[in-house]
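Q: Let me begin by handing over the structure; questions about it come next.
The values are calculated or read from the model by the stated rules, or taken from the named source; none is laboratory data. From a predicted model like this one, the values you see are computed outputs, not experimental measurements. Here the Cβ positions follow ideal geometry from the backbone for every residue, glycine too, while neighbour counts run over all protein chains shown. Calculation scope for accessible area: heavy atoms of the full protein, side chains included, ligands and nucleic acids excluded. Shrake-Rupley method; radii C 1.70, N 1.55, O 1.52, S 1.80 Å.
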Amino acid sequence: MNILVINPGSTSTKMAVYEDEKPILLRTIVHSAEELSAFDDVLLQQDFRKQVLINELKQAQIPMDFDAVIGRGGLVKPLEGGVYEINEQMISDTLSGIAMHNHACNLGCLIAYEIGMEIPGCRAFIADPGVVDELNDYARISGSPLMNRICIWHALNQRAIARRYAAEIGQRYEDLNLIVCHMGGGISIAVHERGRAVDANNALDGEGPFSPERAGSLPAADLIRLCFSGKYTEKQLLKRIAGQAGLNAHLGTNDVKEIIRRIEKEGDEHARLVFDAMIYHVAKNIAAESAVLCGQIDAILLTGGLARSEYVVSRLRKRIAFLAPVHCFPGEDEMGALAQNALAVLQGKRLAKVYE
């Protein structure tokens, strides 16, 4: 089975071609700020990014002949985890901005659907998008009936890492209680209770620990006062929640290697304070999730780009190792996870769900 995988990010597009489980092409195409500045809206980048993908395939002499194309899922309606066949309703919801977010991940669904339509017999999928919602009823309730809690998290990578850990210890993901923490530009922490993510934070929209690019939870009354201060527009304040927030806002960069260099080489105590505070809040949020499982935790899994940093991981271990064994899976396995999800459907091992 030939499978094309598409994973758009804010400044890059990752693509891969798999023959069954074997990757025969892996590319990360970086888009310059100048290239992207030509588009006022992320969704307007669809044709540009699609053509870049096609050019890479031509250069690698790989024909446009696939059994399936699978894209990173976008911010559509909350749904259960799994593989979804892309349909016109999903495309309509993506284009309408139903989740109120203009995020590059939405392009994965759009490009995959368009390519799938152009190839006879090719099916188009997404899998475990960031809006996967399997929260328990308690987790949905906030302190105001005007606002229910929702989750936007790294569902695809978290679930892939959880399954990988289960396979390594010879058990089923569905039989384990895990806390998984993905640490990247945003930080999501989820409780995986026997195969369902029953609690997770909204890592995009202002909940949980702050991160390299996100503000995390903020003092609510202060935020309301800021909204009515007249100093910022709505668009500017939303950037202060996601993008120009977290380490970026405090230290002027989201580059963790640069921050650690400042701390260790230059003795920058302000950078140390802010960076260690982020780690502190990550640990605190992991510990809070232990209450969801009543302390019955088989393991805590750390993943994402920040899991490559010994500085980060060692300080997290110090604060959370008393809860459960801590295992580290640096980076992310999204491309392989997407390919495996598509392959499972093509081989009849898993049914594609219908988006409604």
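Q: Based on the Cα gyration tensor of the stretch 127-278, what are the three equivalent ellipsoid semi-axes, each the root of five times an eigenvalue, rounded to whole Å and given largest first?
A: Semi-axes, largest first: 30, 23, 11 Å.
Q: So what is the relative contact order of the stretch 141-221, in percent, for Cα pairs below 8 Å that sit 6 or more residues apart? Show your work: numbers first, answer last.
A: Working: 133 pairs, mean separation 19.4, N = 81.
Once normalised by length, the contact order is 24 percent.
Q: Relative to the first principal axis of the alpha-carbon coordinates of the chain, what is the inclination of helix 46-59, with its axis defined by its Cα atoms, in degrees from 0 to 90 and to the nearest 10?
A: That helix lies at roughly 60 degrees to the long axis.
Q: Among bridges DSSP assigns within the stretch 88-215, what percent are antiparallel (round to 5)?
A: 90
Q: Using the Cα centre of the chain as the reference point, and only Cβ charges (+1 on K/R, -1 on D/E), how large is the resulting charge dipole? Debye, rounded to the nearest 20.
A: The dipole magnitude comes to about 820 debye.
Q: Follow-up question, since we're still on this one. What is the mean projected area of the alpha carbon convex hull for the stretch 23-148, to one decimal in square nanometres?
A: The number I arrive at for the stretch 23-148 is 10.0 nm².
Q: For the chain, what does the accessible surface come to per residue with a 1.4 Å probe? Please give it in Å². Walk me through the numbers on the way to the answer.
A: Numbers: 17270 Å² over 356 residues.
Accessible surface, normalised per residue, equals 49 Å².
Q: Percentage of Cα-Cα pair distances in the stretch 206-356 greater than 25 Å, rounded to whole percent?
A: Values: 5397 of 11325 pairs.
Percentage above 25 Å: 48.
Q: Please build a GNM for the chain, connecting alpha carbons under 10 Å apart, and tell me which residue among V30, V180, V312 fluctuates the most.
A: Between V30, V180, V312, it is V30 that shows the largest mean-square fluctuation.
Q: Now a separate question. Relative contact order, percent, of the stretch 191-312 when contacts are C-alpha pairs under 8 Å separated by at least 6 residues?
A: 24
Q: With a cap of 12 neighbouring Cβ atoms within 10 Å, and only residues DSSP puts in a loop, list the chymotrypsin sites (Phe, Trp or Tyr not before Pro) found in the stretch 272-356. Numbers along the way, then the final one.
A: Numbers: sites: F275, Y280, Y311, F322, Y355; in loops: F322, Y355.
Listed in order of number, the matching sites are F322.
Q: Here's something else I'd like to know. How much of the accessible area of the stretch 81-178, probe 1.4 Å, is carbon plus sulfur, in whole percent? Spell out each step's value before the answer.
A: Details: 2360 of 4370 Å².
Carbon plus sulfur share of accessible area: 54 percent.
Q: To continue, here is another question. How far apart, in nanometres, would the label points at E34 and H270 be if each is projected 7 angstrom from Cα along the Cα-to-Cβ direction?
A: Reported label-point gap for E34 and H270 is 3.2 nm.
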